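Heads up, the thing below is written out as structure tokens.
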Amino acid sequence: MPVTLDRQQATRPILTAEIIIVLLLSLGQSAIYSVVSIIAKLTADQPLSQQAAVLNASRSARPYLDLTYQLLGIAFDLMPVVLVLYLLLRDHISPRSELGLSADRKGFDWGWGALLAAGIGIPGLLLVYVAKLLGINADIVPAALQPVWWAVPVLILAAVKNAVLEEVIVVGYLMTRLRQWGMSTVAIIACSALLRGSYHLYQGFGAFIGNAVMGVVFALFFLRYKRVMPLIVAHTLLDVVAFVGYTALPESWLSWI
């Protein structure tokens with residue numbers, strides 16, 4: 001007969017191994033690369049503030065090959081989300097009821113999502129500006145795609161992908177598993193926030209601090225309401241404004257900003 005793993009059988013060693021594997025296949029791997037990236041930037045000849053951290057770059061000079069690469073990258077980046085949803089369902093943990101991963105409370109999700117995006121995005125812009133002045137952040141380039149018709153749709157898809165990947169894994173999955181593991185609430189919040197900050201380190205220390213603070217806010221929200229959907233909405237809105245806004249603004253405005 002097949003062997004199944006229920007919640008009672010999910011011992012600490014099993015949970016520890018699962019969490020490590022999931023993170024090394026997803027955002028934990030990104031965090032490691034991010035640490036290497038910031039070390040490389042700090043040991044380069046140029047100061048950190050004169051270096052660039054480019055997001056959403058073109059992958060080919062041939063537009064439709066570039067589009068293919070972009071769509072494949074988005075699709076494969078979401079595979080860890082499929083994995084963690086499978087693992088939770090295998091253990092009889094419903095993503096719908098226990099993570100709030102559902103579309104049945106649209107008003108709540110979009111209302112709170114917009115409030116969270118505004119509350120985090122506006123101070124976040126100020127933090128990025130101050131960090132750049134202090135020389136502790138790289139020059140962040142949110143989008144560097146070719147001027148093609150599909151650039152904006154792809155940037156929107158990339159924003160949704162980032163939001164789903166990060167909020168489902170860093171908040172919904174990780175906090176659920178760490179609670180099962182027996183970790184204290186404060187430690188769970190700290191782990192989630194520090195992970196979020198660490199895979200943004202390639203952008204600089206200002207990005208690390210800002211995203212860690214965002215991680216604390218999002219973790220507290222999840223503990224209070226048990227829903228990741230407003231967090232996905234908020235994260236999507238933040239990234240859409242950053243990615244599409246950067247692409248749409250005139251170059252003279254970008255140099256001023």
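The values are calculated or read from the model by the stated rules, or taken from the named source; none is laboratory data. What you see is a predicted model, and the numbers here were worked out from it, not measured in a lab. Counting neighbours? That spans all protein chains shown, and the Cβs are built from the backbone with ideal geometry, glycine included.
When G119, G73, G124, G111 are screened for being in a helix (DSSP H, G or I) and touching a Leu at 6+ places or on another chain (Cβ under 9 Å), only G124 passes. Criterion applied to D109, D104, D139, D91 was being in contact with an Asp or Glu (Cβ under 7 Å, 6 or more places away or on another chain) and either surrounded by 17 or more Cβ atoms within 10 Å (Cβ to Cβ) or over 20 Å from G215 (Cβ atoms) (or both), and the one residue passing it is D91.
Each residue in region 177-194 was checked for being part of a helix (DSSP H, G or I) and over 20 Å from the mean Cα position of the chain (by Cα), and 5 pass. Cβ-Cβ distances below 7 Å connect the following pairs, each with a first residue in region 203-226 that is without any contact (Cβ under 8 Å) to a residue 60 or more places away in the chain and crowded, with 16+ Cβ neighbours inside 10 Å, a second residue that is charged (D, E, K, R) and in a helix (DSSP H, G or I), and a separation of six or more residues or different chains: N211/R196; A212/R196; G215/R196.
Of the residues Q46, Q29, only one is in a helix (DSSP H, G or I) and either surrounded by fewer than 19 Cβ atoms within 10 Å (Cβ to Cβ) or in contact (Cβ under 8 Å) with a residue 60 or more places away in the chain (or both); which? After ruling out the rest, the residue left standing is Q29. Is it true that I74 is over 27 Å from T247 (Cβ atoms) and not charged (D, E, K, R)? Considered against the rule, which asks whether it is over 27 Å from T247 (Cβ atoms) and not charged (D, E, K, R), I74 comes out as no. From the list P153, P147, the lone residue that is outside any helix (DSSP H, G or I), surrounded by fewer than 18 Cβ atoms within 10 Å (Cβ to Cβ) and at pLDDT 90 or above is P147.
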